[in-house]
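Trainee: Below: one structure in structure tokens.
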Amino acid sequence: MTYAKFLCCVTVAALGLGMIASGHTQQPQKTQHTAKAAARPAKAAAPAFQPGLEPRAIEVLKAACARLAAARSMAFTAVVSYESPSRLGPPLVYSTRSEVTLQRPDKLKVITLGDGPPSEFYYDGKAMMAFEPAENLVAVADAPPTIDAALQLAYDSAAIYFPFTDVVVADPYKDIADGLKVAFYIGQSRVVGDTTTDMVAYITGDVFVQIWIGTQDKLPRRIYAVYLNDRTRLRHVLELSNWQLDVTVPADAFASAKATGAARIAFARPDETDAPGMKPPPKTKPPGTQ
């Protein structure tokens, strides 16, 4: 109903039924404004956003994953910054720095320093060790014959997880593609990683990811992730640098004499206090006591 017709109805109601019965009610005159409005063509509605898999984004992701999968050995630095809720409201940020070395298909070393206790992880194709140098404690377990299977077992049995897992698995693109729902190309950056990178955003599973990938060398430099089912939308940022691919790795790189000689504890999840074989760590005496 136009404004003019609405006004006419109100006027008729005010005059009463007699005027309606007379049949002499006047039609409202169109003003110049309403005439122009009627003649103006309706604006076309903006097309709805249709999320999908943009070919250019997929091309960039596949190129990076292929470069990583082809490397028989690699070393890199991973700096992880992640947000954690605080009692004040805004999240706090914690960081870790890991020096990573691997040799496909069955060797991995991760030396981690962080805002908490340092840790070391060794896998040599037969066994894996999680070592805490500050406490001189080590957990040792038999391991399967591939990096992928060892990482899965470490997570399932001891809640050990590395944010850069998707970089070191045998088929990085498969890990992305299995749950890939949306992928689009954003543009280029000349700020991240001291090089030109292609920026891609994608959703895989329940994680939104933005990734910066070197335009020339196809190596990831930064990964930004938010879990969509996290109502607080906490952010996780992974910076990757010091890339070395297909380097010669010393034969003893994936073992540690110090870790081997540490006090043994069970290779189990930290929250499983009643796990078979779990024992409290040995109590140490303060320096100078007997």
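The values are calculated or read from the model by the stated rules, or taken from the named source; none is laboratory data. The structure displayed is predicted, hence computed values, not measured ones. Here the Cβ is made from the backbone with ideal geometry for all residues, glycine too, and neighbour counts use every protein chain on show.
Trainee: Kindly indicate which of Ile176, Ile203, Ile223 is assigned to a strand (DSSP E or B), in contact with a helix residue (DSSP H, G or I) (Cβ under 9 Å, 6 or more places away or on another chain) and within 23 Å of Tyr82 (Cβ to Cβ).
Mentor: Of Ile176, Ile203, Ile223, the one residue that is assigned to a strand (DSSP E or B), in contact with a helix residue (DSSP H, G or I) (Cβ under 9 Å, 6 or more places away or on another chain) and within 23 Å of Tyr82 (Cβ to Cβ) is Ile223.
Trainee: Surrounded by fewer than 19 Cβ atoms within 10 Å (Cβ to Cβ), at pLDDT 95 or above and part of a strand (DSSP E or B), is that true of Ala183?
Mentor: Considered against the rule, which asks whether it is surrounded by fewer than 19 Cβ atoms within 10 Å (Cβ to Cβ), at pLDDT 95 or above and part of a strand (DSSP E or B), Ala183 comes out as no.
Trainee: Return yes or no: is Val192 under 17 Å from Arg235 (Cβ atoms) and either in contact (Cβ under 8 Å) with a residue 12 or more places away in the chain or among the charged types (D, E, K, R) (or both)?
Mentor: Yes, satisfied.
Trainee: Name every residue in the stretch 193-202 that is aliphatic (A, V, I, L, M) and buried (at least 17 other Cβ atoms within 10 Å of the Cβ), in order of residue number.
Mentor: Within the stretch 193-202, Met199, Val200 qualify.
Trainee: Follow-up question, since we're still on this one. Determine if the stretch 156-172 includes at least one residue that is of a type in the set (S, T, N, Q), buried (at least 20 other Cβ atoms within 10 Å of the Cβ) and over 13 Å from the mean Cα position of the chain (by Cα).
Mentor: Looking for residues that are of a type in the set (S, T, N, Q), buried (at least 20 other Cβ atoms within 10 Å of the Cβ) and over 13 Å from the mean Cα position of the chain (by Cα), one finds none in the stretch 156-172, hence no.
Trainee: Select from the stretch 209-266 the residues that are aliphatic (A, V, I, L, M), exposed (fewer than 15 other Cβ atoms within 10 Å of the Cβ) and without any contact (Cβ under 8 Å) to a residue 60 or more places away in the chain and write down the one among them that is nearest to Asp194 (Cα to Cα).
Mentor: Selected residue: Leu228.
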